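Derivation of every value follows stated rules applied to the coordinates shown; laboratory data play no part. This is a predicted model, so every value here is computed, not measured. No Cβ is skipped: glycine too gets one built from the backbone with ideal geometry, and neighbour counts run over all protein chains shown.
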Amino acid sequence: MDAGKAVALETYVSDPSAEGFHTRSMLAIIFQRLKRSKSAVAGLILVVGLLLVAIFADVIAPVDPAEIFPGKAMEFPSREHLMGTDQIGRDVFSRVVYGSRISIMIGFSSTILAMLIGIPIGIGAGYYGGAVDFITMRIMDLIMAFPIFLLAIIAVVAIRDLIPPTFTVVIALSIVRVPIYSRIVRGSVLSAKENDYVEAVRALALKDWRILYRHLLPNCMAPLIVTATLAIGTAILVEASLSFLGLGTQPPTSSWGYDLKSSVPLIQINPWLSIFPGVAILLTVLGFNLFGDGLRDALDPRLKQ
């Protein structure tokens, strides 16, 4: 491609009005596709509802989740305590509401951290190739050889004495998801870097970081967004499982998984102690999965086939 065409291409790519028009058009198309999917809308409603509960937990919860009501242990749902009380007299409804906050925090934080680590790894491996690609991908393969839950347990046990439990879970969940994002980005970069427009911007002698993050990374955003949406639900489920085993969030912090664990010996006496945290986990994971699937179909309708 000659220099004149290269300059023209760079001018077009740099034109804010052209980029803005294209972005608005794509967002409108994606939004229309999402609206036509009942499951995606249902998932979005669940996700938004969970976010609102987490944000306004201080307003929604009637009492502090750690407050103990003497003489009111193991009460069934009532007007005063909508979901009853647990074995030491704490309000279950307040604990479920505040538990959404810690679940959302861990789900989003671990996903964002995994992307911040995995994206540069994938971009570097795909763009430079050779030994860089071989070494980094073999490390990613080694991590992916372990089941996600088993690797999360190993990571938590390895670092739990160094940092607080909540941050331990965030880091552990990030580690197990890094290979997913690095492989997605690597695959997109490998296919995109051979395109004419990449050769054109290379002819302009642009720095590698500008080519990588301005011209190659945008090609990876659609699969990354879908994967991240689904990963948040998975992270929340794994966090609840770790807390159930006593390896995740610790008291007095409200956690759905830990509340499930503490209710197991009492499930025949008061099943509500297990039902409400379990339903909260179910609806949360279901919401992110439904919305993630709908978002995937909206971004690439061919995947429905």
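The phi-based Karplus calculation (6.51 cos²θ - 1.76 cosθ + 1.60; θ = phi - 60°) puts the 3J(HN,Hα) values of segment 118-135 at x, 5, x, 4, x, 5, x, 5, x, 7, 8, x, x, 5, 4, 5, 4, 5 Hz, whole numbers, x for Gly and Pro. What relative contact order, as a whole-number percentage, does segment 36-160 give when Cα pairs under 8 Å and 6 or more residues apart are counted? The value is 17 percent. Return the Rg/Rh ratio of segment 210-280 with Cα-based radii and a Kirkwood Rh. For segment 210-280, the value is 1.29. Other residues within the sphere of radius under 11 Å centred on the Cβ of ARG90, judged by their own Cβ, net out at -4 (K and R +1, D and E -1). The mean of 1/r over all distinct Cα pairs in segment 62-181, once inverted, gives the Kirkwood hydrodynamic radius of 17.1 Å.
Couplings 3J(HN,Hα) of segment 281-294, computed from phi: 5, 4, 5, 5, 5, 4, x, 5, 5, 5, 5, x, 5, x Hz, in residue order, whole Hz [Karplus 6.51 cos²θ - 1.76 cosθ + 1.60, θ = phi - 60°; x for Gly and Pro].
According to the Kirkwood relation over distinct C-alpha pairs, the hydrodynamic radius of segment 42-102 is 12.0 Å.
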